[in-house]
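The values are calculated or read from the model by the stated rules, or taken from the named source; none is laboratory data. No experiment lies behind these values; they were computed from the predicted model shown. Cβ coordinates were reconstructed from backbone atoms using ideal geometry, including for glycine residues, and neighbour counts include every protein chain displayed.
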Amino acid sequence: MGNGVLKRYVVGFVFTENRQEVALIQKARSRSGFEWQIGKLNGLGGKIRDNEAPRDAMVREFEEESGIHIMWDEWELCGKSGDRRTYEVVVFRAFSDSILGKLATTDEGEVALYRVVDLPGLPIVRALSWLIPLVLYQDLKIFNVEET
């Protein structure tokens with residue numbers, strides 16, 4: 001990642017409309033450099049393609065990993081994270097009960113609903129401990145977290 005090219009990613013969190021559950025993926029495999037995600041729960045997402053808008057990438061990645069199409073206008077931009085030199089992650093959320101009973105397991109990993117209150121005791125990616133509460137409870141104020 002040190003070649004001067006900014007790598008851009010999306011990650012999204014779809015919550016049930018009552019805000020009690022969130023769809024997460026337990027990664028079965030990962031690209032080189034992201035092996036630390038294997039076996040851990042994370043939001044769904046991936047790389048933003050060249051000339052692709054972040055929201056379009058979020059729609060595409062969520063459908064590829066879960067088998068469910070969440071409409072473009074259902075995704076709310078929450079903010080960005082990253083060091084801004086080597087990588088940036090654009091974070092989205094959506095609220096939909098259309099995911100109930102429909103999440104699929106793909107070659108990317110197993111996607112399932114998890115109760116938000118149970119997340120601290122589960123094998124989550126470290127950043128989710130602060131990112132999910134921020135995304136779930138924020139009042140549509142866009143955040144900007146810069147890692148150093």
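The condition (being under 24 Å from GLY39 (Cβ atoms), loosely packed, with under 12 Cβ neighbours inside 10 Å and modelled with pLDDT of 90 or more) is satisfied by just one residue among VAL125, VAL117, VAL135: VAL117.
Residues satisfying the criterion are absent from the stretch 2-22 (criterion: among the hydroxyl-bearing types (Ser, Thr, Tyr) and without any contact (Cβ under 8 Å) to a residue 12 or more places away in the chain).
Does the stretch 105-115 contain at least one residue that is in contact (Cβ under 8 Å) with a residue 24 or more places away in the chain, under 22 Å from TYR137 (Cα atoms) and of a type in the set (Asp, Glu)? No: zero hits.
So, of the residues in the stretch 29-86 that are part of a strand (DSSP E or B), among the small types (Gly, Ala, Ser) and surrounded by 20 or more Cβ atoms within 10 Å (Cβ to Cβ), which turns out to be modelled with the lowest pLDDT? Explain how you work it out, then say what you get.
From the stretch 29-86, those part of a strand (DSSP E or B) are 41-42, 44-47, 76-82; that's our starting set.
Right, trim to among the small types (Gly, Ala, Ser) and you get 45-46, 79, 81-82.
Subsequent filtering for residues that are surrounded by 20 or more Cβ atoms within 10 Å (Cβ to Cβ) retains 45, 81.
Values: GLY45: 95, SER81: 87.
The extreme case among them is SER81.
Scanning the stretch 15-74 for residues being under 18 Å from GLU110 (Cα atoms) and among the charged types (D, E, K, R) gives a total of 11. Would the stretch 88-109 turn up any residue that is surrounded by fewer than 14 Cβ atoms within 10 Å (Cβ to Cβ), at pLDDT 95 or above and touching a helix residue (DSSP H, G or I) at 6+ places or on another chain (Cβ under 7 Å)? No.
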